[in-house]
Amino acid sequence: MQKKVDELNVVARLSELVFGDGFLHYGFWPKGLPNVVSLSALGKAQADFVDHLVSAFPADTKRILDVGSGTGAIALHLSRYGYAMTCICPSETMNQLARAKLPTKTAVYTRKFEDFDSNEVFDICMFAESFHYIDLQTALVKSAKLSQRGVVIFDYFRRESKDTKAAEQGTRGTHAAFLDALARQNAFRVVRDDDMTAFITPTFQLLDHLQTNHVAPLLSDIRAQVKAHAPIRAWLAEKILGRYLDRLGHPRNRASNFADTFEYRLIALEKILVNPNTP
């Protein structure tokens, strides 16, 4: 888990540098990729992700617990819409970025959702690509305790057909397992459950396009220049990085691989019990 947090810290810094907002989620592409494929298009798609997320909120939602809030980019957008945000993230590095951009009244807690408790009851618990990091039963029980209205999840689940090792699965379960746990808990009813996979996978098409058509040629030019002007350094660099750099020029088909392995869903749950029985 710590390795994943460290990776996300690096991605968060890059997102802040490139886009200025620190988004860590995939883009949402209701019309597919635009004619001009660029990083700026990805930034817009990530903002569209937030707008589509809002469409699943119950009417009159005001107080939101943002679970896995990352750099606070989504919380910032939602606070501009008038929502009162409370943020939880286990990474202090990302929380520092969040506190720097969010309104000063926004509470940002450095802890896991499993360890979080509050006397405040929120309208909804929101999971934007964070639900799969948390044990399923714990997430549902905690959400029932902390939310008055329900839960909104915009995240991906492992497909039933994928028989992967437990270590590779982590806490990422299947959609069927989620629905089964939900039924056994009997604290929420499903009011929306949309398959968004086709609207998310263009993110990977964009990244593959940028890698093979822009990054790989740029690195090829740099390698040629270094070889021409510093052959000894070029030889050493090729020994260490040559094979990896060569692979950048080959498409990875990440969109189809993702769609084969995962299903991305927008789920809205409505609270039906005040004091639900835990499984």
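Couple of notes before you dig in:
- Placing dummy labels 7 Å off each Cα toward the beta-carbon, the span from Lys227 to Leu241 is 1.5 nm.
- Counting every other Cβ atom within 10 Å of each residue's Cβ, Lys227, Lys142 order from fewest to most as Lys227, Lys142.
- Out-of-range pairs (alpha-carbon distance over 28 Å; input Lys62/Lys145; Lys44/Lys227; Lys31/Lys101; Lys31/Lys112): Lys44/Lys227; Lys31/Lys101; Lys31/Lys112
- For the pair Leu179 and Asn253, the difference between a 0.36 nm per residue extended length and the Cα-Cα distance amounts to 23.6 nm.
- Thr212, Thr61, Thr71 arranged by Cβ crowding within 10 Å, fewest neighbours leading: Thr212, Thr61, Thr71
- Length available on full extension from Leu33 to Asp260: 0.36 nm per residue minus the Cα-Cα distance, which gives 79.8 nm.
- Burial ordering of His229, His132, fewest other beta-carbon atoms within 10 Å first: His229, His132
- Tail fraction, Cα-Cα pairs, segment 73-215, threshold 28 Å, whole percent: 29
All of the numbers you see were taken from the coordinates with simple rules; none came from a lab. As the structure is a prediction and not an experimental result, all values here were calculated from the model. With ideal geometry, Cβ positions are generated from the backbone for all residues, glycine too; neighbour counts draw on all protein chains shown.
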